[in-house]
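First comes the structure, then the notes that go with it.
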Amino acid sequence: MRNLDGSIQLVANYSDWKAIKKITVTEKTDPLTVMEFLASLTGSVDNKVEANLKKIVDLGKLDKAIEELGLTKGDATKALEEINSRTISKVINEISANPKYQKNQQKELAEFLKAYATRKTLKACGLMVDYTQIEIPGMGRLKKKVPKE
């Protein structure tokens, strides 16, 4: 991502991610337009973080452990307790212990997994945890639903 002369640009051009997102911001640019653009950009990046995380670890194990919690709308307190529970921590520690990576990288993976689990559990409780969940009228092209893998 770079900023040139009042513009924000993301150009991703590799095997499974082709994306060009650009906006030029001037004094006349409506702050709402900037917010909508940034929400779209953030969503794209977050989705790609999860896609790459899935290439490194077995997210299915973590998804299953989260699903088994049986969280429903209104269970936010329970979700926060469960994120730090032995059950979820055990799965995170197990799948982040990839011998391909050094200990500090395994710790980093565990932190990515904890963030993933936190987002997933809070979404299961019906909470809005990021800007991608905002309905942006007229911005359907920017807010496409990404199919669950």
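The values are calculated or read from the model by the stated rules, or taken from the named source; none is laboratory data. Because the structure is predicted, anything quoted here is derived from the model rather than measured. We place every Cβ from the backbone using ideal geometry, glycine too, and count neighbours over all the protein chains shown.
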| field | Criterion (of a type in the set (A, V, I, L, M), in contact with a strand residue (DSSP E or B) (Cβ under 6 Å, 6 or more places away or on another chain) and assigned to a helix (DSSP H, G or I)) met by exactly one of 41, 32 | value | 41
| Which residue pairs have Cβ atoms under 9 Å apart, sit 6 or more places apart or on different chains, and have a first residue in the range 21-40 that is more than 19 Å from residue 134 (Cβ to Cβ) and a second that is of a type in the set (Ser, Thr, Tyr) and outside any strand (DSSP E or B)? | 25/33
| Name the pairs whose Cβ atoms lie under 6 Å apart, with the first residue in the range 118-138 and at pLDDT below 85, the second in a loop (DSSP other than H, G, I, E, B), and 6 or more positions between them or separate chains? | 136/143
| note | Restricting attention to the range 95-130, the residues that are surrounded by 13 or more Cβ atoms within 10 Å (Cβ to Cβ), in contact with a Lys or Arg (Cβ under 8 Å, 6 or more places away or on another chain) and not aliphatic (A, V, I, L, M) number exactly 3
